[in-house]
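Here is the structure we will look at, set down as structure tokens.
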Amino acid sequence: MKEYEVVWEIFNLCSNNQMRDVFIEEAEIADTEQYVKNKFAGKEVTYEKSVLENGTVICDIMTCGIHQRMSFTEI
């Protein structure tokens, strides 16, 4: 398992409010994709995964009509 800093952003749907909810945690994770699937278990989820040059894994997630993003940066 690797240790990651996980940043979970939930984008606001209100047109006059550009703020977003942001949660940060450190976690030992074997598989980032499985982590996302477990986080949203029981919900209809689609996501796109990309990997930045520095190794950070980004998952852009759509669930319940809300755009969310989880970023995994290895510690």
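General remarks:
- Relative to its Kirkwood radius, the Cα radius of gyration of the chain gives an Rg/Rh of 0.98.
- In this simple spin-label approximation, E33 and E3 carry label points 7 Å from Cα along the Cα→Cβ vector, and these lie 2.7 nm apart.
- Whole-number accessible area per residue in Å² for the chain, which is evaluated in the context of all protein chains at 1.4 Å: 71
- Charge dipole of the chain (Cα centre as origin; +1 on each Lys and Arg Cβ, -1 on each Asp and Glu Cβ, all else neutral): 340 debye, rounded to the nearest 20.
- Were the residues from I10 through F23 laid out at 0.36 nm apart, the gain over their Cα-Cα distance would be 3.8 nm.
- Sorted largest first by accessible area at a 1.4 angstrom probe radius, with every protein chain in place, the residues M19, M70 fall in the order M19, M70.
- The residues V36, V22, sorted by heavy-atom accessible surface at 1.4 Å with ligands and nucleic acids left out, run V22, V36 from largest to smallest.
- Largest mean-square fluctuation among E33, E53, E25, in a Gaussian network model of the chain whose springs join Cα atoms under 10 Å apart, belongs to E53.
- Accessible-area composition of the chain, carbon plus sulfur, in percent [1.4 Å probe]: 48
- Mean shadow area of the range 1-45 over all directions, Cα convex hull, nm²: 3.9
The values are calculated or read from the model by the stated rules, or taken from the named source; none is laboratory data. All values derive from a computational prediction rather than experimental measurement. Cβ atoms come from the backbone with ideal geometry, glycine included; neighbour counts cover every protein chain shown. Side chains are part of the model used for accessible areas, which takes the heavy atoms of the whole protein and leaves out ligands, DNA and RNA. Shrake-Rupley method; radii C 1.70, N 1.55, O 1.52, S 1.80 Å.
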